[in-house]
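Notes follow the structure.
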Amino acid sequence: ILSFAANPRVVQVAWDSSVLQDVRAFSDYALVILLTDRAETARAWVEQTTGHRNDRPFVVVSSAQAAPMIQPYLLSGQVNGMVTGLREGAAFEQNAGRYGLARQYWDAYNLSLLVICVMIVIGGLWNLAVGIRSRRQGLDVD
């Protein structure tokens, strides 16, 4: 990571692309977006590239599990933006005016939670009905 931050041309092999022709230093990138599911990876990228970014935006897209470990970098200003987890991904899609995969997963997750809650209530009512019926018949419920 540090080698790439210090000299991107040495590490990256896609320099034939017209988009990358003007990139000579890490600070030449207009924006760096890091996609990761591990807090350690985000930490390494933030800490090893900070001196080479020259106030260029650095955005992290990560899993919700990694978010608590990355948030201090966001609060300190070392990370300029962060999208973590399914909920924020769905919110990001909605704000962008799109209905994509994250939103579909979020909707399915919410529906499954609703079904589970209904099943718990039905199970509780069933248990209550069986208990009342047993008491009326004089049976021990233990």
> For region 72-83, which residues satisfy the criterion of being open to solvent by 50 Å² or more (accessible area, probe 1.4 Å), touching a strand residue (DSSP E or B) at 6+ places or on another chain (Cβ under 7 Å) and not in a loop (DSSP other than H, G, I, E, B)?
Replying inline: L74
> When only residues in region 28-46 that are at pLDDT 90 or above and open to solvent by 70 Å² or more (accessible area, probe 1.4 Å) count, which is nearest to R9 (Cα to Cα)?
Replying inline: I33
>> Checking the conditions here, which among N127, N95 is among the polar types (S, T, N, Q), more than 30 Å from R24 (Cβ to Cβ) and either at pLDDT below 85 or touching a Phe, Trp or Tyr at 6+ places or on another chain (Cβ under 6 Å) (or both)?
In response: N95
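A quick yes/no check of all residues on (1) out of contact with any helix residue (DSSP H, G or I) (no Cβ under 8 Å at 6 or more places or on another chain); (2) on the phi > 0 side of the Ramachandran plot; (3) open to solvent by 60 Å² or more (accessible area, probe 1.4 Å):
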| position | (1), (2), (3) |
| --- | --- |
| G100 | no, no, no |
| S112 | yes, no, no |
| M119 | yes, no, yes |
| R135 | yes, no, yes |
>> So Q71 passes all but one of these: (1) polar (S, T, N, Q); (2) closer than 30 Å to D28 by Cα; (3) in contact (Cβ under 8 Å) with a residue 24 or more places away in the chain. Which condition number does it fail?
In response: (3)
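The values are calculated or read from the model by the stated rules, or taken from the named source; none is laboratory data. Just so you know, these numbers come straight off a predicted model, no measurement behind them. Quick reminder, even Gly has a Cβ in these numbers, built from the backbone with ideal geometry, and neighbours come from all protein chains shown. Note: accessible area is taken over every heavy atom of the protein model, side chains too, but ligands, DNA and RNA are not part of it. Shrake-Rupley method; radii C 1.70, N 1.55, O 1.52, S 1.80 Å.
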